[in-house]
Amino acid sequence: MKTCALAAVGLFALGAVAPAGAADLPLYKAPVAPLAALEWTGVYGGINGGGGLGHACWSVVAVSGVPIDPAVGEGCHNASGGTVGAQLGYRWQKAHWVLGVEAQGNWADFKGNNVSLVLAPLNNRTRIDSFGLFTGQLGYTVNSLLFYGKAGAAVAHDKYDEFIPGVGVVSNTLSQTRWGYSAGFGVEYAFAENWSIGGEYDHLFLGHHGGDLASSILVPPGRTERIGQDVDIGLIRVNYRWGGPVVAKY
């Protein structure tokens, strides 16, 4: 009987001490799992497609080699159409900031014309068949989204001629490679490992350039035109980036 009583007292004492001992033990905290964040650093390449709108204004600055001052404006027109191309670049990420350089080349089919304000029914026509961009980028990333601005050099290949409706082309074709500068902005979304898609807007400032157009049936037969031009371009781009898709962020 005494043995049972002692056993009961022992169990009671143990039960009283155990909670107090457990309260003194340190709490265990599970380790925080690292968050996976996209790393934009690396070489990338891809394709693009979209449309463009070139704005061209023509002025006569000389007739048969004789200068005209002030120039005589013939009006303006838009040269619109589609474009496809490719880009190759490198980006470097530091915290949320992303720096980059990129080269892009595009085939284009931008066409437009207007009736000359001084030589109607003569039409002045502009065609842009290709352009290239060589730019630097500055961006800010929020994990899978990258917002960026870009600026740099631009080049475009243009063709100019004149035609009369119902008659056809009545002058030589003037071809020019025009250099200028560009500025734009875009947003890119990483939708899978190493793959991203985005939209971009670019404006090309191509300045004013002169050239001679001659015709055997027009009076006067030869003129020097001064053509001012800029271009607006909207693109959808898909890129593949070489390198690890994510890095651990604690």
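The values are calculated or read from the model by the stated rules, or taken from the named source; none is laboratory data. Just so it is clear, the structure is predicted and the values come from calculations on it, not from any experiment. Positions of Cβ are generated from backbone atoms using ideal geometry, with glycine treated the same way; all protein chains shown enter the neighbour counts. What goes into the accessible areas is simple: the full protein's heavy atoms, side chains included, and nothing from ligands, DNA or RNA. Shrake-Rupley method; radii C 1.70, N 1.55, O 1.52, S 1.80 Å.
Can you send over the solvent-accessible area of His77, 1.4 Å probe, protein chains only, in Å² to the nearest 10?
About 10 Å², rounded to the nearest 10.
Where does region 109-195 land on Rg(C-alpha)/(2.2 N^0.38 Å)?
Numbers: Rg = 20.0 Å, N = 87, 2.2 N^0.38 = 12.0 Å.
This ratio for region 109-195 stands at 1.66.
Using protein chains only and a probe of 1.4 angstrom, how many square angstrom of Ile68 are accessible, to the nearest 10?
Only protein atoms counted, so the area is about 50 Å².
I need the phi-derived Karplus couplings for region 170-177: 6.51 cos²θ - 1.76 cosθ + 1.60, θ = phi - 60°, integer Hz, Gly and Pro marked x.
In residue order, the calculated couplings are 10, 9, 5, 9, 9, 9, 9, 9 Hz.
Using a probe of 1.4 angstrom, how much of the accessible area of region 45-114 is carbon and sulfur, in percent?
67 percent
Return the sequence-ordered ³J(HN,Hα) values of region 60-72 in whole Hz as given by the Karplus equation 6.51 cos²θ - 1.76 cosθ + 1.60 applied to θ = phi - 60°, using x for Gly and Pro.
Taking θ as phi minus 60°, the curve returns 7, 10, 7, 10, 6, x, 8, x, 10, 9, x, 5, 9 Hz for region 60-72.
Please list, in order, the residues from region 210-226 whose amide nitrogen is less than 14 Å from a point placed 7 Å along the Cα→Cβ vector of Ser64.
Only 215-224 pass the distance filter.
Given the peptides 118-128, 52-62, arrange them by the average over their residues of other C-beta atoms within 10 Å, most packed first. If you can, show how the numbers build up before the last one.
Values: 118-128: 18.9, 52-62: 20.5.
Most protected by this proxy first, the peptides run 52-62, 118-128.
Treat every Asp and Glu Cβ in region 59-166 as -1 and every Lys and Arg Cβ as +1, leave all other atoms uncharged, and give the resulting dipole magnitude about the Cα centre to the nearest 20 debye.
Charge dipole, region 59-166, about its Cα centre: 500 debye, nearest 20.
Considering all projection directions equally, how large on average is the shadow of the alpha-carbon convex hull of region 38-126, in square nanometres? Working shown, then result.
Numbers: hull surface 37.3 nm².
For region 38-126, averaging the hull's shadow over all directions gives 9.3 nm².
Using a probe radius of 1.4 Å on heavy atoms only, what accessible surface per residue do you get for region 91-250? Whole Å² is fine.
48 Å²
Only sites in a loop by DSSP and with at most 15 other Cβ atoms within 10 Å count here; which GluC sites (Glu not before Pro) in region 136-201 make the cut?
Glu193
For Thr41, list long-range residues whose amide hydrogen, built 1.01 Å from N in the peptide plane, is under 5 Å from its own amide hydrogen.
Answer set, sorted by chain and number: Gln93.
Check which residues have an amide H placed less than 5 Å from Val98's amide H, if you skip close sequence neighbours.
Under 5 Å from the amide H of Val98 lie the amide H atoms of Gly139, Tyr140, Thr141, each far enough along the sequence or on another chain.
For region 132-199, which chymotrypsin sites (Phe, Trp or Tyr not before Pro) are both in a DSSP coil and crowded by at most 11 other Cβ atoms within 10 Å?
The qualifying sites: there are none.
Enumerate the calculated ³J(HN,Hα) couplings along region 205-213 in order (Karplus 6.51 cos²θ - 1.76 cosθ + 1.60, θ = phi - 60°), each rounded to whole Hz, writing x wherever the residue is Gly or Pro.
Running phi through 6.51 cos²θ - 1.76 cosθ + 1.60 with θ = phi - 60° gives 9, 10, x, 10, 9, x, x, 9, 10 Hz.
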